[in-house]
Amino acid sequence: MNMKADDEGRAQAVRRLWAKRGFKIHLTAFAIVSLAMLLIWATASRGDYFWPIWPIAGWGIGLAAHALITFGQWSLSEAEIQREMTRGQERAQQRVPPNPNERG
């Protein structure tokens, strides 16, 4: 494997790690804020209308989308990356180098 491919592979790995870290931060914030809303509801509402369901559900949908993008079908698998790299190398080998004596 050449140096450029190693650098690109490392860059992709770093992007995946940042994406996973971002999701963990998002999940932690969701849990803390959801617990805070539940505590506020439990202490201030005395069991009245369960209003925290709306912000928790809305944010939960966004969190689920974030999880799907980070870990789900929209994430690139290593096999897909390798397959695309192989295709690119094959295309590069099939190209005929330009003839320096030809004028275009």
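Can you name the condition, by its number, that Trp41 falls short on among (1) at positive phi; (2) touching a Pro at 6+ places or on another chain (Cβ under 7 Å)?
It fails just one condition, (1).
For the stretch 67-82, how many residues are surrounded by 11 or more Cβ atoms within 10 Å (Cβ to Cβ) and either over 22 Å from Leu27 (Cβ atoms) or modelled with pLDDT under 80 (or both)?
Residues meeting the conditions: 5.
For (1) more than 27 Å from Glu80 (Cα to Cα); (2) modelled with pLDDT of 95 or more; (3) under 21 Å from the mean Cα position of the chain (by Cα), each residue gets a yes or a no:
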{"site": "Glu8", "(1), (2), (3)": "no, no, yes"}
{"site": "Arg15", "(1), (2), (3)": "no, no, yes"}
{"site": "Lys20", "(1), (2), (3)": "no, no, yes"}
{"site": "Leu27", "(1), (2), (3)": "yes, yes, yes"}
{"site": "Ala44", "(1), (2), (3)": "yes, no, no"}
{"site": "Trp54", "(1), (2), (3)": "yes, yes, no"}
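The values are calculated or read from the model by the stated rules, or taken from the named source; none is laboratory data. This is a predicted model, so every value here is computed, not measured. In this analysis, Cβ positions are derived from the backbone assuming ideal geometry, glycine residues included, and neighbour counts consider all displayed protein chains.
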